[in-house]
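All remarks here apply to the structure that follows.
No value in this document is a laboratory result; all are computed from the given coordinates. What you see is a predicted model, and the numbers here were worked out from it, not measured in a lab. Here the Cβ is made from the backbone with ideal geometry for all residues, glycine too, and neighbour counts use every protein chain on show.
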Amino acid sequence: MNRTKLMKINPTLRLALLLATAGTLATVAPAQTTNSTLETTNAPEATVPGSNSIPVLQIKAGQVVAKVSPMLYGLMTEEINYSYEGGLYGELIRNRTFKANPTNAVFWSAVSNAVISLDTNAPLNAALNVSLKLDATQAAKNAPAGIANGGYWGIPVKPKTAYHASFYARAADGFTGPLTVSLQNADGKTVFAGAAIPALTGDWKKYEVTLTTKKVKPSKDNRLVITTTAPGTIWFSQVSLFPPTFANRANGNRPDLMQLLADMQPKFLRFPGGNYLEGNTIETRFNWKNTIGDVSQRPGHLDDGWGYWSTDGLGLLEFLEWCEDLHMQPLLAVYAGYSMHQQHVTPGPDLEPYVQDALDEIEYVTGDTNTTWGAQRAKDGHPAPFPLRYVEVGNEDWFDRSGSYDGRFRQFFDAIKAKYPQLQIIATAKTKTREPDVIDEHYYRSQEDMEAHAHDYDQRSRTNQTKVFVGEWATRVGSPTPNMAGALGDAAWMTGMERNSDLVIMSSYAPLFVNVSDFGKGRSMQWKTDLIGYDALNSYGSPAYHAQKMFSTHHGDGVLATGSQDIPTYTWQPPARRNRDGVEQPRPPAQEVPTLFFNATRNSQSGTIYLKVVNRSGTPQPVKVEISGSSIASKGTAVVLKADHPDDTNSIQEPAKIVPVTEKVKGLGTSFTRTFPPYSITILELKAK
Ligand code: AHR
């Protein structure tokens, strides 16, 4: 199959279909809940032209209408945009196993007069079935020959830092070494650190050295170089370089990115995808059994949904350890017999091995060491089981045109519930024969569309038991990362999820990560508008990241009854959409969309009330706040995220252009007026007395 073509077409087609179906998913049933009864006054309603009335927000401080789901804010992740390799995963060597391309040693270069090639004879093992052959027959004292790797758009070199370099090697007869391993800048003129491997043999053996830098300036235009001054031939397998990792985990994660995530205080991690779970074909699915154990025994696989090789160095156990490090619950998505090129496994006996794989996977996560897979986990280095409450069956199975999901879901649901009745099962599409505990809904929208739908869940029926997991959502404005307009759309949407978190029990923005190094041919980004951006050296949170962090860290445990008057609106003409078959549908009528969004929650322990207000308009918005049911201290706090322009954004060059500012506020009480800045998201912390 033509991979290039698939890579280009698949995500785009998928997005078109997604947009076409997103509206359908959001269809609401006309029902009311306690919290939405008062909220109905917050429906789009034009301010009377010429009227001087200002919007009024009413909060009933004593009336908790729903619980805020403690799991509401989490993370969704997959291998896209070089999220793991070239991102979170600590490995600095690109194509460390030489399997990224079947014919060329891509991302590797020969040093001096050496010749390099791929060799499938006498590999390290069946998993790493190709090695890099270095012909250094011309090597000499004044002409060291060898191999070099420039990492994922660079290798970060930081001062006084210890790097762990390792590789497997064997030598042809007559060569015994030594080898020099060094960290150099790109032209080789500056050597930051080096170490020697004194001798090699004719058998595969692992070599390890520590490369420690001195007081150098941080830089990324660097490479790892392995050379010899003695003539000979050497084969390499799994050449690896790790910087210090978060919590010093071996085979662990990049600290700055982990810290950005930790600061969001996420409650769960949905993994391993997304398209990455499914693959384009059954063959290229995320096959978890190939992702555990010693990394040198992992074959890796082509992430064909996004078009690049994954070594699976970040495998099932590493996902779980990532959860452990950030105190998140794993939300485990199991492969459900559907891959994106419309390949599906027929429910019944053919599907059994896949169901068994899922049961084994759950046992690997949760089983004690007396179980087969719990024992395997212990052998892999983690005897203690992990907590697990949610298992998701598949990903976006509404794309499966065969209609097999209902049968596939039923088979997984019955088998998982029979063995693990305590688990909550998440469906990814509508089902008829089994009622899922939770349904995963995905929304990728423009700012206007997001705002227009911010009240959807106020109306959603609560009659059946199924809860909602908004497992992928984003206001797709801004590239590579969302700008302030994106953050405003997101914040409007989050007020709706939070207000309805009796129903929407979990949510996770997607995609989470993007490597922003290459927007040209090398393509470090497959999907634009991603929460967190980075290159080899630096990282930053987008305005949308900050909006989410604000919501996630300020919500208490109870949703308060609210009402409003005179909410201003703007007129929006929704675009014509296409249906599943790509046929353009009639343009929907223009609609009025609020410019102001809000919700209120309370912390029952401290009495703090969190009033979140989003002003998406370009003018300052005076608002009257009326609080009943409690007296309110005159002093409080405001956390404000704002921009001068909706296009304003953060970037590698300006990582902190838009960040939240916390200020003390006076003059609060049961009735006060506050002016919210243009393009702003505010969380007012009010102290109930
Ligand atoms: O988040 C990007 C992609 O969008 C996910 O992989 C997929 O689930 C959805 O179509």
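Shown here for the stretch 562-659: chymotrypsin sites (Phe, Trp or Tyr not before Pro) in loop regions (DSSP other than H, G, I, E, B) with at most 15 other Cβ atoms within 10 Å, of which there are none. Each peptide in 512-520, 401-409 receives the mean, over its residues, of other Cβ atoms within 10 Å, and ordering these scores from highest gives 512-520, 401-409.
With +1 on each Lys and Arg Cβ and -1 on each Asp and Glu Cβ, and nothing else charged, work out how big the dipole of the stretch 548-689 is about its Cα centre, in Debye to the nearest 20. Intermediate values should be presented prior to the final figure.
Values: 17 positive and 12 negative charges, 78 e Å.
Once rounded to the nearest 20, the dipole reads 380 debye.
Here the stretch 537-580 and the stretch 628-679 have alpha carbon centers that stand 15 Å from each other. Measure nothing fancy, just the Cα-based angle from helix 484-499's long axis to the longest principal axis of the chain, in degrees from 0 to 90, nearest 10. In the chain, helix 484-499 runs at an angle near 60 degrees to the longest axis.
The three principal axes of the C-alpha atoms in the chain carry coordinate ranges of 91, 61, 51 Å, sorted with the longest axis first. To the nearest ten degrees, helix 352-366 and the longest principal axis of the Cα atoms of the chain are 90 degrees apart. Based on C-alpha pairs under 8 angstrom that are at least 6 apart in sequence, the chain has a relative contact order of 18 percent. The magnitude of the dipole of the stretch 130-209, with charges of +1 and -1 set on the Cβ of Lys/Arg and Asp/Glu and taken from the Cα centre, is near 220 debye. Highest mean packing comes first when the peptides 585-592, 550-557 are listed by Cβ atoms within 10 Å, giving 550-557, 585-592. Placing unit charges on each Cβ (+1 for Lys and Arg, -1 for Asp and Glu) gives the chain a dipole about its Cα centre, and among ALA110, ALA186, GLY90 the Cα reaching farthest toward its positive end belongs to ALA186.
The packing ranking of peptides 201-214, 108-121, highest mean first, is 108-121, 201-214, where packing means the average number of other beta carbon atoms within 10 angstrom of each residue. Remark: for residue pairs LYS214/LYS657; LYS99/LYS133; LYS612/LYS642, the C-alpha separation exceeds 21 Å in LYS214/LYS657. Relative to the first principal axis of the alpha-carbon coordinates of the chain, what is the inclination of helix 405-419, with its axis defined by its Cα atoms, in degrees from 0 to 90 and to the nearest 10? Helix 405-419 and the main axis of the chain meet at about 80 degrees.
When you filter the trypsin sites (Lys or Arg not before Pro) in the stretch 85-168 for DSSP loop state and at most 12 other Cβ atoms inside 10 Å of their Cβ, you are left with LYS141, LYS160. Here the convex hull built on the C-alpha positions of the stretch 588-673 has a volume of 177 cubic angstrom per residue.
Where does the charge balance sit around GLU663 when Lys and Arg score +1, Asp and Glu -1, over other residues with C-beta under 14 Å from its C-beta? Neighbour charge sum, excluding GLU663 itself: +4.
What net charge do the residues around PHE409 carry, taking every other residue with its C-beta under 11 Å from that of PHE409, with Lys and Arg at +1 and Asp and Glu at -1? The partial results should precede the final answer.
Details: positive: ARG408, ARG410, LYS430, LYS432, ARG434; negative: GLU392, ASP397, ASP400, ASP406, ASP414, GLU435.
So the surrounding residues net to -1.
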